[in-house]
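Engineer: Shown below is the structure under consideration.
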Amino acid sequence: MSNSKVVYVDTSALGALLIEKAETSDLLKWLDATENSLISSDLLETELRRVAVREDIDQTSVTKILDGITLVSLDRAVYRNAGFLPMKYLRALDALHLEVAIRLNAEAILTYDHRLAGACKELGLEVVSPGN
């Protein structure tokens, strides 16, 4: 029997694959070992591609990262409901990521963003942050 979970992935995590950070090595080990289903929204692609543009990183690196992630499209209700999330400290893009994770019934969120992690914990979602 598999212990596979649905894990929502945000940009703070996969951005560490584009720009070397303290947690990059642990994140790579976790990604290589995981049997979890990794999901995110189209927002992840936009944010990663913007990182690549800012940092002069070839877009093929982003494409390779995204190949391992199931992406879903955002609809109007996601934007509206993200606006109503009660956490006053949560920024708009993080609220969108969290709302999509909720809608997809994710069991955990892979993130290094402290505000998003706090909001996840308030909702009882497991936070995965390899190396932190």
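Engineer: Carbon and sulfur together cover what percent of the accessible area of the chain at a 1.4 Å probe radius?
Structural biologist: Of all accessible area on the chain, carbon and sulfur atoms account for 50 percent.
Engineer: Rounded to the nearest Å, what's the spacing between the alpha carbon centres of region 63-127 and region 42-56? Just the number, please.
Structural biologist: Taking the Cα centre of region 42-56 as reference, the centre of region 63-127 is 17 Å away.
The values are calculated or read from the model by the stated rules, or taken from the named source; none is laboratory data. What you are looking at is a predicted structure, and each value in this text was computed from that prediction instead of being measured. Surface areas here come from the heavy atoms of the whole protein model, side chains and all, with no ligands, DNA or RNA. Shrake-Rupley method; radii C 1.70, N 1.55, O 1.52, S 1.80 Å.
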